[in-house]
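These notes are about the structure you will find just below.
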Amino acid sequence: PAGEPDRARPYLEKAFQLSGRLTAKDRRHIVAWYAIANQDYPEAIRRYQDLIRTYPNEAEAYLRLARLLEGESRNQEAVDTLHQGLAIDPEDPEMYNTLSKVTSEMGRHEEAIRMAERYVALAGSANAYDTLGLALRTAGLYERSLAAFNQALELEPDFEIAAIHRTVLYLHMGREGAFLRE
């Protein structure tokens with residue numbers, strides 16, 4: 001499972017044992033996932049780069065590689081990788097989600113907002129509106145950000161991350177009363 005390398009490791013080890021039944025592409029994915037489970041991110045990056053060289057139309061590999069690169073503060077490489085992935089699958093909402101996050105971190109606010117808006121158009125989910133809210137907040141567009149967080153919470157009232165992001169926004173807006181109520 002994502003974000004839980006200790007829980008994932010036994011499953012990946014079992015996949016290794018059964019790898020003779022898998023395609024070469026699937027084996028490459030497992031090796032990359034195993035590197036992530038072992039928190040060997042430089043190795044995981046190498047594995048995904050190799051996978052992409054061998055299977056250049058494997059869109060998921062571009063997304064996973066970009067997230068690893070971003071985690072290693074290699075943001076421009078992550079952006080370039082995501083654009084390559086979007087050339088293969090221009091409708092992948094998660095690539096727009098990740099692009100919004102990375103470009104926002106880079107201070108490229110207009111691009112981050114455009115990517116988040118595209119994510120909203122493709123997914124329409126609470127998480128998409130939360131991503132848009134974050135991009136707008138980072139750009140200093142607080143009222144629009146508040147509207148996006150409110151939309152996220154309207155779609156999914158128990159979405160704690162959006163509630164936390166909205167609470168932080170209240171501080172940015174100088175609305176201490178709303179912050180305390182939240």
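The values are calculated or read from the model by the stated rules, or taken from the named source; none is laboratory data. Worth saying up front: this structure is predicted, and the values here are computed from it rather than measured. Cβ placement follows ideal geometry from the backbone for every residue including glycine, while neighbour counts extend to all protein chains displayed. Please note that ligands, DNA and RNA were not included when accessible areas were found on the heavy atoms of the full protein model with its side chains. Shrake-Rupley method; radii C 1.70, N 1.55, O 1.52, S 1.80 Å.
Can you work out the Karplus-derived ³J(HN,Hα) for every residue in the range 91-96? Use 6.51 cos²θ - 1.76 cosθ + 1.60 with θ = phi - 60°, whole Hz, and x for glycine or proline.
Result, ordered by residue: 10, 7, x, 5, 5, 5 Hz.
Which percent of the accessible area of the chain is formed by carbon and sulfur heavy atoms (probe 1.4 angstrom)?
Ligands and nucleic acids excluded, carbon and sulfur reach 50 percent.
Computed from these coordinates, which is semi-axes √(5λ) of the Cα gyration tensor in Å: [x] 111, 12, 10; [y] 28, 18, 15; [z] 34, 18, 14?
Of the listed options [x] 111, 12, 10; [y] 28, 18, 15; [z] 34, 18, 14, [z] comes from this structure.
In the full protein assembly as shown, how much of ARG47 is accessible to a 1.4 Å probe, in Å² to the nearest 10?
For ARG47, the solvent-accessible surface is approximately 90 Å².
What spacing in nm lies between the two simple spin-label points modelled at VAL168 and ARG7, each 7 Å away from Cα in the Cβ direction?
For VAL168 paired with ARG7, the spin-label model returns 2.4 nm.
Working out 0.36 nm times the residue gap between GLU176 and MET106, then minus their Cα-Cα distance, what length gain in nm do you get to one decimal?
22.3 nm
Compute the Rg to Rh ratio over the range 21-76 from the alpha carbon atoms, using the Kirkwood formula for Rh, and round to two decimal places.
With Rg and the Kirkwood Rh in hand, the quotient comes to 0.96.
Can you tell me how much longer the chain between ARG114 and GLN39 gets when fully stretched, taken as 0.36 nm per residue apart minus their C-alpha distance, in nm with one decimal?
Extra length available between ARG114 and GLN39 comes to 23.8 nm.
Order ILE30, ILE36 by their accessible area, 1.4 angstrom probe, all chains in place, largest first.
These residues rank, largest area first, as ILE36, ILE30.
Using a Gaussian network for the chain with springs between C-alpha atoms less than 10 Å apart, which of these wobbles most: LEU69, LEU141, LEU82?
The residue with the greatest mean-square fluctuation here is LEU141.
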